[in-house]
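Here is the structure we will look at.
Bear in mind these aren't lab numbers, they're just calculated from the coordinates by the rules spelled out. Predicted, not measured: the structure shown is a model, and the values here were computed from it. We place every Cβ from the backbone using ideal geometry, glycine too, and count neighbours over all the protein chains shown.
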Amino acid sequence: MRIAAILSLPDGNQGEESTSPAKSTPHARLGGLGGTSFARFDILGQSLLDRTLTRIEQIGALSHTVISQGKSTELLPVRSGTPNSFVTAWEKSVAKYVNDGVDLLLLVRVAAYTDIDFAQFLKFHLEVNSPITRLYAGETPLDVALLDASRLRNAEGSYRHKLRALIQQQRRLDYQGYVNPLATPVDFYTLVEDGLRGRCGLHPVGQETRQWFWQGRDAEIDSSAVITGPAFIGEGAQIGACCTIAAGSSIERNCEVDCGTTVEESWVMQDTYIGAALDVRRAIVGHDSLFHLDRNIEVKVGDPDLIGTAPKSAAFFGGLGSLIWGHEAAG
Amino acid sequence: METMSAIVVKLPEVFGAKAARKLGRELKNKVTITAPHIVIDFSRVKKIDLKGLEALLSCMEEVVKQDGAVQFGGMSPEAATLLELTRMNRLFEKFPGFAADAPAFELSPELVSEEERVEGSVQVPVTA
């Protein structure tokens, strides 16, 4: 059985397309402000996109296409009126796989986080023998569907019109596991914390050097720094002298936390520099901004000596902006 | 109960180098009494950079030299976040508190008449 996947990413540049076998590259990850989908941000050492791709490969998906959705929020673009660049890119991808003789198309919108077992989903789809199977959590559709590609062959008109006809016959698989909607910055921190505390399947990517503390490759931690688990220090990150990294914190790859700074219950997004002697608590920090989880506000710090881009980072990183702009935060 | 004057300093939305210099000048002119009481109003502040923080430290230093006290007036969530980030809130907490007459805070007019509205200060009565 030949399986291919089409992954759509919220935000980002609409209709922008990349195909397998490459996973999201560091270059793609370091996009411009607002153009970077949050699915490309590292969370506990790996992006949601790369984690999804790894799980898809495990069920034998031969190839995949990643499409940026822009403002569209549909997994199956059947309601869209005038075709936009996302719909055009989606149609093109479906056509490619249908013409290549793929049997099953796995459609995933990398938005909400779930611990879905794709193998179990595939098994269910084959058992019920429906043209489309969708995953639901209660009455809420999750952004995952399996589509029998053979039903789209010899379709007249667009694939989305054909899909609209098939959707009446869709079957549901009820998912009982962990779901995080990733609808607000607070949800993102909740996912980080749940991953650190083992409440979901989002495991830190690094070595557990002692209980509840994971460290990525080439992370440098000064011997005078105090770390209390659960905590994660990502690949290539630097933690300066006399820093305190307290429980519930994730410092992602290539971050630099300067001397004497305390980070507690916070998510420091990749490539971020945090200046000396600061106190970061209950916050998401990225590029030049800080989102305070309790006050529910984003503060542009605007001083690279306080919070900025880490010297190690290869390029400008969109950081917090994409989280905030993608999901309206109450002021 | 002794009544004395407090100086209310209303900081601008962006408290950077330029505004910091102006605050320094203003305070030099205004803080002429011994044991001055300064109320810093952060209610409009959205952004403070290192120069702004340095100016606040200088202000505190001057006040301490003259045996005075500094306390917060209004506080925007952005300013609260920035002061916590830089641990400046803890420094402010070191000063002994003083009570200001409530109506005086409501006045909080701005004396800024220069080219930009960077900060205002006004003397108001307080009880010590």
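Find the percent of Cα-Cα distances in region A:249-297 that exceed 12 Å, and round it to a whole number.
Tail of P(r) above 12 Å: 57 percent of Cα pairs.
Under a straight-distance cross-link criterion of Cα-Cα below 27 Å, which lysines are reachable from A:Lys300, leaving out those fewer than 8 residues away in the same chain?
Hits, sequence-local ones excluded: A:Lys71, A:Lys312, B:Lys10, B:Lys18, B:Lys22, B:Lys46, B:Lys47, B:Lys51.
Looking at the calculated P(r) for region A:36-144, what percent of the C-alpha pair distances fall above 23 Å?
31 percent
Tell me, what ³J(HN,Hα) does each residue in region A:111-120 have, in order and in whole Hz, if you take phi through Karplus 6.51 cos²θ - 1.76 cosθ + 1.60 with θ = phi - 60° and put x for Gly and Pro?
Coupling constants for region A:111-120: 10, 5, 9, 9, 9, 4, 9, 5, 5, 5 Hz.
Under 12 Å from a point placed 7 Å out from the Cα of A:Cys259 along the Cα-to-Cβ direction: which residues of region A:209-245 have their backbone N that close?
Inside the label zone: A:240-243.
Give me B:Thr86, A:Thr272 sorted ascending by neighbouring Cβ count inside 10 Å, so fewest comes first.
Taking fewest neighbouring Cβ atoms as first place, the list is B:Thr86, A:Thr272.
Which whole-percent values make up P(r) of region A:81-174 when all C-alpha to C-alpha distances are grouped in 10 Å steps starting at zero?
15, 48, 33, 4
I need the calculated FRET efficiency for the pair A:Glu127 and A:Ala247, taking r as the beta carbon distance and R₀ as 60 Å, to the nearest 0.05.
0.85
What is the calculated FRET efficiency for A:Asp294 to B:Arg21, with r their C-beta to C-beta distance and R₀ = 35 Å, to the nearest 0.05?
The calculated FRET efficiency here is 0.55.
Let me check the size of region B:27-86 from its C-alpha atoms; what are the radius of gyration and Dmax in Å?
For region B:27-86, the Cα-based Rg and Dmax read 12.0, 32 Å.
To the nearest 0.05, how large is the calculated FRET efficiency for B:Glu13 and B:Lys65 if R₀ is 25 Å and r is the Cβ-Cβ distance?
For B:Glu13 and B:Lys65, the calculated efficiency is 0.30.
Which stretch or stretches of region A:110-130 have amide N atoms under 11 Å from the point lying 7 Å from A:Tyr178's Cα along the Cα→Cβ direction?
A:113-116
Measuring from centroid to centroid over Cα atoms, what is the spacing of region A:115-144 and region B:18-61 in Å?
About 61 Å separates the Cα centre of region A:115-144 from the one of region B:18-61.
Per-residue mean of other chain beta-carbon atoms within 10 angstrom of the beta-carbon, peptide A:290-301?
4
Would you mind checking which residues have amide H under 5 Å from A:Gln238's amide H? H placed 1.01 Å from N; only 5 or more apart, or other chain.
Residues meeting the criterion, in which the H sits 1.01 Å from N, are A:Glu220, A:Cys255, A:Glu256, A:Val257.
Can you put A:Glu208, A:Glu235, A:Glu139 in order of Cβ neighbours within 10 angstrom, beginning with the fewest?
Starting with the residue having the fewest Cβ neighbours, the order is A:Glu139, A:Glu208, A:Glu235.
Can you compute the modelled spin-label distance between B:Lys51 and A:Val226, with each label point 7 Å from Cα toward Cβ, in nm?
Roughly 3.7 nm, to one decimal.
Between A:Ile245 and residues 5 or more places away or on another chain, which pairs have amide H atoms under 5 Å apart, with H built 1.01 Å from N, and which residues are they?
A:Val226, A:Ile227, A:Thr228, A:Val263
Mind checking the full-extension length gain between A:Met1 and A:Tyr136? Use 0.36 nm per residue of separation minus the Cα-Cα distance, one decimal, nm.
Roughly 46.1 nm would be gained on extension.
Near the amide H of A:Ser289, under 5 Å away, which other amide H atoms are found, from residues 5 or more places off or on another chain, if H is placed in the peptide plane?
Those lying under 5 Å, H to H, from A:Ser289 are A:Val301, A:Leu320.
Taking the number of other C-beta atoms within 10 Å as the exposure measure, put A:Cys255, B:Cys59, A:Cys242 in order starting with the fewest.
Ordered from fewest to most neighbouring Cβ atoms within 10 Å, A:Cys255, B:Cys59, A:Cys242 come out as A:Cys242, B:Cys59, A:Cys255.
At what distance in nm do the modelled label points of A:Gln211 and A:Ser150 sit from each other, each positioned 7 Å from its Cα along Cα→Cβ?
If labels sit at A:Gln211 and A:Ser150, their model points lie 5.4 nm apart.
For A:Ile167 and A:Arg199 in one chain, what is 0.36 nm times their gap in residues minus the Cα-Cα distance, to one decimal in nm?
Length difference between fully extended and current span is 8.1 nm.
Let me check against my output: what whole-number percent is the relative contact order of region A:124-201, with C-alpha pairs under 8 Å and at least 6 apart?
31 percent
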